[in-house]
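A.B. asks: A single structure is presented below for examination.
The values are calculated or read from the model by the stated rules, or taken from the named source; none is laboratory data. Note that the structure is a prediction, hence the values are computed from the model and not measured. So basically every Cβ, Gly included, is an ideal-geometry build from the backbone, and we count neighbours across all protein chains shown.
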Amino acid sequence: MPAEIVVLGGGVGGTLAANLLSRELKRDGRVTVVDPTGLHVYQPGFLYVALGQAKGRWLARPERHLLRRDVDLAIEGAERVDAEQGFVRMEGGSKLPFDHLVVATGARLAPDQVPGMSEGAHHFYSLLGAEQLHDQLLRFRAGMLVVRVAGLPYKCPPAPIEFLLMVEQ
């Protein structure tokens, strides 16, 4: 009987994990990705939105188009994981059983937890943040840009340096 593998999250990590597991396990495993929207947004592209080199709509694709045909997709939010019983309770009340669980839900942005961030700083870690930063960069005429990492861990460690190198062009 094939192992039931559930991957929570349809971002880069979840999509990649699901496809690799499916390819390696073949008939020895059945992989299901759980994603509340069914829409894959390529978040590393937000940096290019901030710099005016991409539009947000270019970064979204249906998750189904990125998954191997033998990977199932459950477009619904996960409400609770019961590791002991081996199931994920879905928002609609159904249970999705698993033998193995991959949690690839990404990071949660919390700019309000960094004093002054919401009021006077910008970021490119969300589409809205990248668009707002782009608007500010268009108005920026002279002065100094300060890039600060609020704390560890944070999304995409190379991104702040990449941003500085690209904005200098």
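A.B. asks: For region 94-149, give me each residue that is at pLDDT 90 or above and closer than 30 Å to D28 by Cβ.
C.D. replies: S94, K95, L96, P97, F98, D99, H100, L101, V102, V103, A104, T105 - these are the residues of region 94-149 that are at pLDDT 90 or above and closer than 30 Å to D28 by Cβ.
A.B. asks: Could you check, for region 13-21, whether at least one of its residues is part of a helix (DSSP H, G or I), over 24 Å from Y154 (Cα atoms) and hydroxyl-bearing (S, T, Y)?
C.D. replies: No, because not a single residue in region 13-21 is part of a helix (DSSP H, G or I), over 24 Å from Y154 (Cα atoms) and hydroxyl-bearing (S, T, Y).
A.B. asks: Quick check on my filter: what residues within region 115-130 are surrounded by 15 or more Cβ atoms within 10 Å (Cβ to Cβ) and of a type outside the set (G, A, S)?
C.D. replies: Answer for region 115-130, where residues must be surrounded by 15 or more Cβ atoms within 10 Å (Cβ to Cβ) and of a type outside the set (G, A, S): M117, H122, H123, F124, Y125, L127.
Quick grid of which residues meet (1) under 20 Å from G129 (Cβ atoms); (2) of a type in the set (A, V, I, L, M):
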| position | (1), (2) |
| --- | --- |
| V7 | no, yes |
| V12 | yes, yes |
| L16 | no, yes |
| N19 | no, no |
| S22 | no, no |
| K26 | no, no |
| V33 | no, yes |
| P36 | no, no |
| P44 | yes, no |
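A.B. asks: Pairs only if they're at least six apart or on different chains, beta carbon under 6 angstrom, first in region 52-80 and free of Cβ contacts under 8 Å to residues at least 24 places away in the same chain, second aromatic (F, W, Y) and surrounded by 13 or more Cβ atoms within 10 Å (Cβ to Cβ); list them, first residue then second.
C.D. replies: Pairs found: A54/Y48.
A.B. asks: Continuing with the same structure: Of the numbered conditions (1) surrounded by fewer than 16 Cβ atoms within 10 Å (Cβ to Cβ); (2) of a type outside the set (K, R); (3) touching a helix residue (DSSP H, G or I) at 6+ places or on another chain (Cβ under 7 Å); (4) closer than 16 Å to L47 by Cβ, L164 fails exactly one; give the number of that condition.
C.D. replies: Going through (1) surrounded by fewer than 16 Cβ atoms within 10 Å (Cβ to Cβ); (2) of a type outside the set (K, R); (3) touching a helix residue (DSSP H, G or I) at 6+ places or on another chain (Cβ under 7 Å); (4) closer than 16 Å to L47 by Cβ one by one, L164 breaks only (3).
Here is a yes/no grid of residues against (1) closer than 25 Å to L59 by Cβ; (2) free of Cβ contacts under 8 Å to residues at least 24 places away in the same chain; (3) surrounded by 13 or more Cβ atoms within 10 Å (Cβ to Cβ):
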position: F87; (1), (2), (3): no, yes, yes
position: M90; (1), (2), (3): no, no, yes
position: P97; (1), (2), (3): no, no, no
position: L101; (1), (2), (3): no, no, yes
position: A104; (1), (2), (3): yes, no, yes
position: Q113; (1), (2), (3): no, yes, no
position: Q132; (1), (2), (3): yes, yes, yes
position: V147; (1), (2), (3): yes, yes, no
position: Y154; (1), (2), (3): yes, no, yes
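A.B. asks: Among the residues of region 64-79, what is the count of those that are more than 22 Å from S94 (Cα to Cα) and surrounded by 19 or more Cβ atoms within 10 Å (Cβ to Cβ)?
C.D. replies: So the count comes out to 1.
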